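Colleague: Sharing a structure below in structure tokens format, with a few things to ask.
The values are calculated or read from the model by the stated rules, or taken from the named source; none is laboratory data. As the structure is a prediction and not an experimental result, all values here were calculated from the model. We place every Cβ from the backbone using ideal geometry, glycine too, and count neighbours over all the protein chains shown.
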Number of protein chains: 2
Amino acid sequence: MGIENITVGEFVEQVSSKEPVPGGGAVGAVVAALAAGLTEMVANLTIGKKKYKEWEGEMERVVSEMEKTKEELYLIAKKDMDAFNAFMEAMKLPKNTEEEKKIRQEKMQGALKGAIDVPYELARKARDIIKQTEIVTEFGNKNAVSDALSAAELCKAAFEIAKANVYINLKYLKDEKLKEYYEQETDELEKQVYGSYNRIKEMIKENGWL
Amino acid sequence: MGIENITVGEFVEQVSSKEPVPGGGAVGAVVAALAAGLTEMVANLTIGKKKYKEWEGEMERVVSEMEKTKEELYLIAKKDMDAFNAFMEAMKLPKNTEEEKKIRQEKMQGALKGAIDVPYELARKARDIIKQTEIVTEFGNKNAVSDALSAAELCKAAFEIAKANVYINLKYLKDEKLKEYYEQETDELEKQVYGSYNRIKEMIKENGWL
């Protein structure tokens, strides 16, 4: 069952249990979905308001983008749990002969790539969302500015969670080129996320919106 | 119906809609519940492990504290929505005569106090949780350190969301003494939250746990 179909309380209980999944990765995806939801809410609270008429089309675009993003995030939460389970399965493979050791090692490295790629995808989503949060903060309904700021805080947290999950798995990845690729890409995403975050904070402060 | 009994997808949709509640406040409470859940998971992954035997009692205490905290957070989410609705009701009161204006003003200021006190309570919970996150980071299972860090990120985000909601309402509060009280208390909580957060980051970095 998809994460979106279980109750909030049940999800929190599954996180709390000693089962390692759902863990930080799935939680990060849900947090990013909440950030997308808050960003969409600010856009929805702007649509239909005379004062913001000229931004109506832009706000409608944000709503539709966030709708799509939320569905993708539920899928990421599922993929995160699958990737972890695939790694655990590979770990259980026999390692009595050299041949078995080799196969196990290859399967583990393959599963590891999944365990890195899923949170990396989450990091990209956090970046995509905060870019929209920046737009609704600047041009959206100012009565909802605390919600826009809340969305920005959650994008930053989701990004940091994603980054931690990329890095904890990168430690075991043997493909040095791929390792370097993920490190550079994550660094670049970090700059973009913090760029948007700082601009949002600055905008709110300079204009005394909060 | 309590927020813990609706599905994750439904909650995200309620947040996304143009209805202002549930907004940042309720989202912040759910995010704090996820932080409590992750902190509890790290404690649960520590209990029963030989290597961490001496911390077993402490970890059991963390589990039981987080269980209680999660229930309190669901209540805060509910109170946050109620406080907003109470304020909107007061706003709708008639204001034709001086007497009516006075009554409306009093009711609004009363509702405002609720709208400030609920996120303030959330800010305190975020502080309470991150203190436990600090303990599980230091003494808990190191295989779950990325989950401990994820919990810390969520405590910080929940605190910032709470702070934004305290401040947006403080703007309209006329009781200067009470205003000052909330400002000072929020500042103090901020120091504590960031103190724990920085120590968690430092510990992880210094020991190369991630």
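Colleague: Would a scan of segment A:153-174 turn up a residue that is away from chain B (no Cβ under 12 Å), in a helix (DSSP H, G or I) and without any contact (Cβ under 8 Å) to a residue 40 or more places away in the chain?
Modeller: No, segment A:153-174 has no match at all.
Colleague: What about A:G57, is it small (G, A, S), farther than 30 Å from B:G37 by Cα and not in a helix (DSSP H, G or I)? I'd like the intermediate steps shown before the answer.
Modeller: Values: small (G, A, S): yes; farther than 30 Å from B:G37 by Cα: yes; not in a helix (DSSP H, G or I): no.
So A:G57 fails the test.
Colleague: Here is a follow-up. Taking only segment A:191-208 into account, find how many residues are surrounded by 16 or more Cβ atoms within 10 Å (Cβ to Cβ) and either within 21 Å of A:N169 (Cα to Cα) or among the aromatic types (F, W, Y) (or both).
Modeller: Total satisfying the criteria: 1.
For every residue, the table says whether it meets (1) more than 27 Å from A:S196 (Cα to Cα); (2) assigned to a helix (DSSP H, G or I); (3) without any contact (Cβ under 8 Å) to a residue 40 or more places away in the chain; (4) not basic (K, R).
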site	(1), (2), (3), (4)
A:A77	no, yes, no, yes
A:F87	yes, yes, yes, yes
A:N96	yes, no, yes, yes
A:K101	yes, yes, yes, no
A:A111	yes, yes, yes, yes
A:D117	no, yes, yes, yes
A:L122	no, yes, no, yes
A:I129	no, yes, no, yes
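Colleague: Residue by residue through segment B:1-28, note down the ones that are at the interface with chain A (Cβ under 7 Å from one of its Cβ atoms), touching a residue at least 12 places away in the same chain (Cβ under 8 Å) and assigned to a helix (DSSP H, G or I).
Modeller: Passing the criteria: B:I3, B:E4, B:F11, B:V15, B:G24, B:V27, B:G28.
Colleague: Answer yes if at least one residue in segment A:11-20 is within 23 Å of A:M66 (Cα to Cα), in contact with a Phe, Trp or Tyr (Cβ under 9 Å, 6 or more places away or on another chain) and at pLDDT 95 or above, and no otherwise. Please lay out each step first, then the result.
Modeller: Pass one, segment A:11-20, residues within 23 Å of A:M66 (Cα to Cα): A:11.
Subsequent filtering for residues that are in contact with a Phe, Trp or Tyr (Cβ under 9 Å, 6 or more places away or on another chain) retains none.
Checked against the condition, which is being within 23 Å of A:M66 (Cα to Cα), in contact with a Phe, Trp or Tyr (Cβ under 9 Å, 6 or more places away or on another chain) and at pLDDT 95 or above, segment A:11-20 yields no hits at all.
Colleague: Take the residues in segment A:34-46 that are more than 15 Å from the chain's Cα centre (by Cα) and touching a residue at least 40 places away in the same chain (Cβ under 8 Å); name whichever of them is surrounded by the fewest Cβ atoms within 10 Å (Cβ to Cβ). Full working, then the answer.
Modeller: Let us first name the residues in segment A:34-46 that are more than 15 Å from the chain's Cα centre (by Cα), namely A:40-46.
From the residues that got through so far, the ones that are touching a residue at least 40 places away in the same chain (Cβ under 8 Å) too are A:41-43, A:45-46.
On the way: A:M41: 31, A:V42: 33, A:A43: 32, A:L45: 24, A:T46: 26.
Selected residue: A:L45.
Colleague: While we're here: Which residues, taken from segment A:45-85, are of a type outside the set (D, E) and at the interface with chain B (Cβ under 10 Å from one of its Cβ atoms)?
Modeller: Going through segment A:45-85, the residues of a type outside the set (D, E) turn out to be A:45-53, A:55, A:57, A:59, A:61-64, A:66, A:68-70, A:73-79, A:81, A:83-85.
Of everything in segment A:45-85, those that are of a type outside the set (D, E) and at the interface with chain B (Cβ under 10 Å from one of its Cβ atoms) turn out to be A:L45, A:T46, A:I47, A:G48, A:V63, A:M66, A:K70, A:L73, A:Y74, A:A77.
Colleague: Also, I was wondering about something else. Return the residue satisfying two criteria in turn: it lies in segment A:132-152 and is of a type in the set (S, T, N, Q) and facing another protein chain (nearest Cβ under 9 Å), and of such residues it is nearest to A:Y120 (Cα to Cα).
Modeller: Filtering segment A:132-152 for residues of a type in the set (S, T, N, Q) gives A:132-133, A:137, A:141, A:143, A:146, A:150.
Now drop any that are not facing another protein chain (nearest Cβ under 9 Å), which leaves A:143, A:146, A:150.
Details: A:N143: 34, A:S146: 28, A:S150: 22 Å.
Ranking the candidates gives A:S150 first.
Colleague: Which ones in segment B:154-184 are surrounded by 15 or more Cβ atoms within 10 Å (Cβ to Cβ) and of a type in the set (F, W, Y)?
Modeller: Scanning segment B:154-184 gives B:F159, B:Y167, B:Y182.
Colleague: Specify the residue that is farthest from B:K163 (Cα to Cα); the eligible residues are those in segment A:137-152 that are over 19 Å from the mean Cα position of the chain (by Cα) and assigned to a helix (DSSP H, G or I). Break it down stepwise before answering.
Modeller: First pass over segment A:137-152, keeping only residues over 19 Å from the mean Cα position of the chain (by Cα): A:137-146.
With assigned to a helix (DSSP H, G or I) added as a condition, the list becomes A:137-139, A:142-146.
Details: A:T137: 17, A:E138: 20, A:F139: 23, A:K142: 17, A:N143: 16, A:A144: 15, A:V145: 13, A:S146: 9 Å.
Taking the candidates together, the pick is A:F139.
Colleague: Given A:V42, A:V31, which one is facing chain B (nearest Cβ under 9 Å), closer than 22 Å to B:G9 by Cβ and in a helix (DSSP H, G or I)? Please lay out each step first, then the result.
Modeller: Working: A:V42 fails: facing chain B (nearest Cβ under 9 Å).
None of the other options fit; the residue is A:V31.
Colleague: While we're on this one: Return the pair list, or none, for Cβ contacts closer than 7 Å from residues in segment A:195-210 that are outside any helix (DSSP H, G or I) to residues that are of a type outside the set (S, T, Y), at least 6 apart or on different chains.
Modeller: A:W209/A:K142; A:W209/A:V145; A:L210/A:V145; A:L210/A:L149; A:L210/A:I204; A:L210/B:A164; A:L210/B:I168
Colleague: Out of A:K53, A:K49, A:K70, which single residue is surrounded by fewer than 17 Cβ atoms within 10 Å (Cβ to Cβ) and in contact (Cβ under 8 Å) with a residue 24 or more places away in the chain? I'd like the intermediate steps shown before the answer.
Modeller: Working: A:K53 fails: in contact (Cβ under 8 Å) with a residue 24 or more places away in the chain; A:K70 fails: surrounded by fewer than 17 Cβ atoms within 10 Å (Cβ to Cβ).
Answer to the check: A:K49.
Colleague: Among (1) under 24 Å from A:Q14 (Cβ atoms); (2) at pLDDT 95 or above; (3) not acidic (D, E), there is one condition A:I103 misses while meeting the rest; what is its number?
Modeller: So A:I103 meets the others, but not (1).
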